[in-house]
1. Starting from the stretch 304-316, take each residue that is outside the structural domain of residue 117 (by TED's automatic domain parsing) and closer than 12 Å to residue 4 by Cα and list its partners that are at pLDDT 95 or above and assigned to a helix (DSSP H, G or I), counting only C-beta distances under 8 angstrom and pairs at least six apart or across chains.
2. Restricting to the stretch 21-46, name every residue that is in contact with a strand residue (DSSP E or B) (Cβ under 7 Å, 6 or more places away or on another chain) and more than 11 Å from the ligand (Cβ to nearest atom).
3. For the stretch 136-156, which positions are away from the ligand (no atom under 16 Å from the Cβ), in contact (Cβ under 8 Å) with a residue 40 or more places away in the chain and part of a loop (DSSP other than H, G, I, E, B)?
4. Restricting to the stretch 50-100, give me the number of residues that are assigned to a loop (DSSP other than H, G, I, E, B), touching a strand residue (DSSP E or B) at 6+ places or on another chain (Cβ under 9 Å) and away from the ligand (no atom under 11 Å from the Cβ).
5. Take the residues in the stretch 224-265 that are over 25 Å from residue 295 (Cβ atoms) and over 18 Å from the mean Cα position of the chain (by Cα), then tell me which one is modelled with the lowest pLDDT.
6. Within the stretch 101-118, track down each residue that is within 16 Å of the ligand (Cβ to nearest atom) and out of contact with any strand residue (DSSP E or B) (no Cβ under 6 Å at 6 or more places or on another chain).
Ligand SMILES: NC(=O)c1ccc[n+]([C@@H]2O[C@H](COP(=O)([O-])OP(=O)(O)OC[C@H]3O[C@@H](n4cnc5c(N)ncnc54)[C@H](O)[C@@H]3O)[C@@H](O)[C@H]2O)c1
């Protein structure tokens, strides 16, 4: 007998199926079944040979289930996570973990009361584009980070499902913002002092279909995070200015390009001539003072998320996505909503 943990998935839609497929290949969890409120989703699971429980109660009452992944629309995470914890199961919520600070504290309270493990799925910590930026920042090879720009641009508007409806926790700040904020905090640190945000409402008036967000630090460093759903020409995925160079990833399938300044002073700068004048200030550097190269793509295995969660259940590790980090990401999101209302930066204390 292996020591895999028995996993139940609640919500077998797009992301629930993703979890199921990975669980079937996992070395740490065994998929025992799913529950979805829609009969057609349960039937689909059964067609694929996955057990579908007839009700949430039946699923959560199965004594063999050790952990539950909750992959339902955002407004339902709290209720189902707490139900799972109260049934004595460890619970893993899809992102965003929930929609208010009180709600998050109720979820932590239920985990504590039942002595169970609870965390959120921040799977984009395993994206290689983000990992490359983090590696450049941590290595210091082009000096201290001054600012990080992180963008996701699509051109199909916001999806027409629950993501476009406020009551379900729709909107791009919750959907993509939660990933990009978490990544920025992992790179720049967990102590930003303020956030400023503006929403787009181009294809959807009810929720944001894109946003621009500034995250500021006490020492002047900052992150600019942008999600757009009406960008037919996307801007680069990552652009990071550091004291001695710049790191760029144009597209998340491409390598990280580095331009490293080897000598600050130049002997002779050739001016660039444009239609209306000359500029030396903005002229590109040549290879005498600038070294340009690509870095190898970092290795990454998204199964490490479940590996960590299972080790925590066994008391052999700390959560890689800690409760304090979950609090901070939600705090930034909620302050961003306030900033949209006030039109000003909102403090993060
Ligand atoms: N981490 C990621 O990369 C990532 C990617 C996509 C979605 N998500 C998250 O996963 C969650 C689900 O998103 P999705 O894209 O799979 O949505 P989806 O609409 O494709 O699937 C949601 C499923 O939940 C079911 N459901 C709704 N209420 C339920 C209930 N009370 N009990 C049981 N089942 C219920 C629906 O019938 C549906 O099948 C969201 O929180 C979303 O933010 C995360």
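1. 306/22; 306/23
2. Listed by number, the residues that qualify are 23, 24, 28, 29, 30, 31, 32, 33, 46.
3. 141, 142, 143, 144, 155 - these are the residues of the stretch 136-156 that are away from the ligand (no atom under 16 Å from the Cβ), in contact (Cβ under 8 Å) with a residue 40 or more places away in the chain and part of a loop (DSSP other than H, G, I, E, B).
4. Total meeting the criteria: 9.
5. 265
6. Matches in the stretch 101-118: 103, 104, 107.
The values are calculated or read from the model by the stated rules, or taken from the named source; none is laboratory data. Keep in mind that what you see is a predicted model, and the values were worked out from it rather than measured. Positions of Cβ are generated from backbone atoms using ideal geometry, with glycine treated the same way; all protein chains shown enter the neighbour counts.
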